[in-house]
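Peer 1: Provided herewith is a single structure, encoded as structure tokens, for subsequent inquiry.
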Amino acid sequence: MSNIAKAEDVVVSYRTTKGSLRALDGADLAVRAGETLAVVGESGSGKSTLGMSFGRVLPGEAKHEAGRIEVDGTDVFAIDAETLRGLRRDKLGFVFQNPMTALDPTMRVGRQVARAMPGRASDAEITALLKRAELSDPARVMRAYPHELSGGMAQRVVIAIAIARGPQLLIADEPTASLDASIREKVMATLARLRDETGASLLVLSHDLRLMARHAGRVAVMYGGRVVEIGASAEVLQRPAHPYTRALLAAASGSERPGERLEPIPGTPPTLAGRCEACAFAPRCAYAQDRCRAQRPEPREVAGRQVTCHFAEDVLADAPISTEAPR
Ligand SMILES: Nc1ncnc2c1ncn2[C@@H]1O[C@H](COP(=O)(O)OP(=O)(O)OP(=O)(O)O)[C@@H](O)[C@H]1O
Ligand code: NI
């Protein structure tokens, strides 16, 4: 299966007042053509940094230290500003958590949508695009200012803008987190439908394991700036091979309400100043042994997925997750 985009051993750090903070510590991720791939993990695990790296839309304090990102064969960290602009415009579409910050409050929706479309879009073309994003009254929405729309409608406008030029890769960072719980499922379903319809790939970054389980074919679990497990959603979420995935699922199963933030796992995630020479999860891990504190696990193939854990076989052999707390 061909990949539309991939990250290889990517290292990104942020300059902070307390020194350099390593947000990605050798992240690997391949996005297949036409798939929906979810990236999950606790706050701070590096999801947004990885998502932004695909379009090199990182803030000024971020520094790409090492590794490669390719989108449709183009090395995004090697190209000049103009090529990068073209790549973002023609091949990528972004949807962020808060639609109101993505839209210009002073400009009618129709004009903003038209500017994202190729050529000079007619009103009929604008309303047709809004309709594809499942806005029920596109003619009215076209004339409205962003503040006149509900959060869900505004996010649908952002989605329309993101697909305006038929991107090959849609990157959605917590696309439903700012919305009312009642419409999260619907907006996610719209994104999934558009992905299907356009043949684009959808990379969706989220805390919401249940929502992702329903919509993503594959799931990547991030911890400490690395992808620690990636595979088919059904397999990873039913029979995890990484202790962190297992802990996430056990924590999530304690709550019955969809869309909620994950319950915390005991202990705190790492903040890295440099390369982690051990397993970053070892201090919180029920399976950890001396080797985990001494040797960085490299990705390896276990039970049809990629896992960075020395003891993945032991994790797999354990009983499926029930509703009890992590061991
Ligand atoms: N602009 C920034 N300046 C300094 N540090 C940052 C910046 N953005 C992110 N970080 C740090 O980088 C690490 C990774 O952050 P990132 O936002 O990528 O994680 P995330 O998984 O998307 O988290 P969340 O679920 O909270 O959105 C965190 O430790 C975070 O505090
Ligand atoms: Ni984030």
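One line per residue, one yes/no per condition, for (1) away from ligand 2 (no atom under 16 Å from the Cβ); (2) free of Cβ contacts under 8 Å to residues at least 60 places away in the same chain; (3) under 13 Å from the mean Cα position of the chain (by Cα):
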residue	(1), (2), (3)
Ala38	no, no, yes
Ser53	no, yes, yes
Val57	no, yes, no
Gly60	yes, yes, no
His64	yes, yes, no
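Peer 1: Taking Thr49 as meeting all but one of (1) touching a strand residue (DSSP E or B) at 6+ places or on another chain (Cβ under 6 Å); (2) more than 20 Å from Asp173 (Cα to Cα); (3) of a type in the set (S, T, N, Q), write down the number of the exception.
Peer 2: Among (1) touching a strand residue (DSSP E or B) at 6+ places or on another chain (Cβ under 6 Å); (2) more than 20 Å from Asp173 (Cα to Cα); (3) of a type in the set (S, T, N, Q), the lone unmet condition for Thr49 is (2).
Peer 1: Quick one: which of Arg293, Arg275, Arg300 is touching a residue at least 60 places away in the same chain (Cβ under 8 Å), surrounded by fewer than 20 Cβ atoms within 10 Å (Cβ to Cβ) and not β-branched (Val, Ile, Thr)? Before you say what the answer is, go through the steps one by one.
Peer 2: On the way: Arg293 fails: touching a residue at least 60 places away in the same chain (Cβ under 8 Å); Arg300 fails: touching a residue at least 60 places away in the same chain (Cβ under 8 Å).
Just one listed residue meets the conditions, Arg275.
Peer 1: Could you list, in sequence order, the residues of segment 146-175 that are under 24 Å from Ala128 (Cβ atoms), within 16 Å of ligand 1 (Cβ to nearest atom) and part of a loop (DSSP other than H, G, I, E, B)?
Peer 2: Across segment 146-175, the qualifying residue is only Pro175.
Peer 1: Considering only helices (runs of 4 or more DSSP H) fully contained in segment 237-327, which possess at least 2 residues that are in contact with a His (Cβ under 7 Å, 6 or more places away or on another chain) and modelled with pLDDT of 95 or more?
Peer 2: In segment 237-327, 290-294, 312-317 are the helices (runs of 4 or more DSSP H) which contain 2 or more residues that are in contact with a His (Cβ under 7 Å, 6 or more places away or on another chain) and modelled with pLDDT of 95 or more.
Peer 1: Could you tell me which residue of segment 18-72 is surrounded by the fewest Cβ atoms within 10 Å (Cβ to Cβ), considering only residues that are of a type in the set (Ser, Thr, Tyr) and farther than 17 Å from Val95 by Cα?
Peer 2: By that ranking, first place goes to Ser43.
Peer 1: Restricting segment 212-235 to residues that are in contact with an Asp or Glu (Cβ under 7 Å, 6 or more places away or on another chain) and not in a strand (DSSP E or B), which is nearest to ligand 2 (Cβ to nearest atom)?
Peer 2: Result: Gly225.
Peer 1: What are the pairs with Cβ atoms under 7 angstrom where one residue, in segment 117-134, is more than 22 Å from Gly86 (Cα to Cα) and the other, located anywhere, is modelled with pLDDT of 95 or more and surrounded by fewer than 16 Cβ atoms within 10 Å (Cβ to Cβ)? Sequence gap at least six, or different chains.
Peer 2: Qualifying pairs under 7 Å: Thr127/Ala139.
Peer 1: Let me ask something additional. Restricting to strands (runs of 3 or more DSSP E) lying wholly in segment 1-96: which have 2 or more residues that are more than 9 Å from ligand 1 (Cβ to nearest atom) and acidic (Asp, Glu)?
Peer 2: Qualifying strands (runs of 3 or more DSSP E): 3-16, 19-32, 62-71.
Peer 1: Please pick out the residue among Ala200, Ala189, Ala216, Ala232 that is touching a residue at least 40 places away in the same chain (Cβ under 8 Å) and more than 23 Å from Leu316 (Cα to Cα).
Peer 2: Only one candidate qualifies: Ala200.
Peer 1: Separate question: Would you call Met142 surrounded by fewer than 19 Cβ atoms within 10 Å (Cβ to Cβ) and out of contact with any strand residue (DSSP E or B) (no Cβ under 8 Å at 6 or more places or on another chain)? Show your work before the answer.
Peer 2: Details: surrounded by fewer than 19 Cβ atoms within 10 Å (Cβ to Cβ): no; out of contact with any strand residue (DSSP E or B) (no Cβ under 8 Å at 6 or more places or on another chain): yes.
Against the criterion (surrounded by fewer than 19 Cβ atoms within 10 Å (Cβ to Cβ) and out of contact with any strand residue (DSSP E or B) (no Cβ under 8 Å at 6 or more places or on another chain)), Met142 does not qualify.
The values are calculated or read from the model by the stated rules, or taken from the named source; none is laboratory data. Keep in mind the model is a prediction, meaning the values are calculated, not measured. Here the Cβ is made from the backbone with ideal geometry for all residues, glycine too, and neighbour counts use every protein chain on show.
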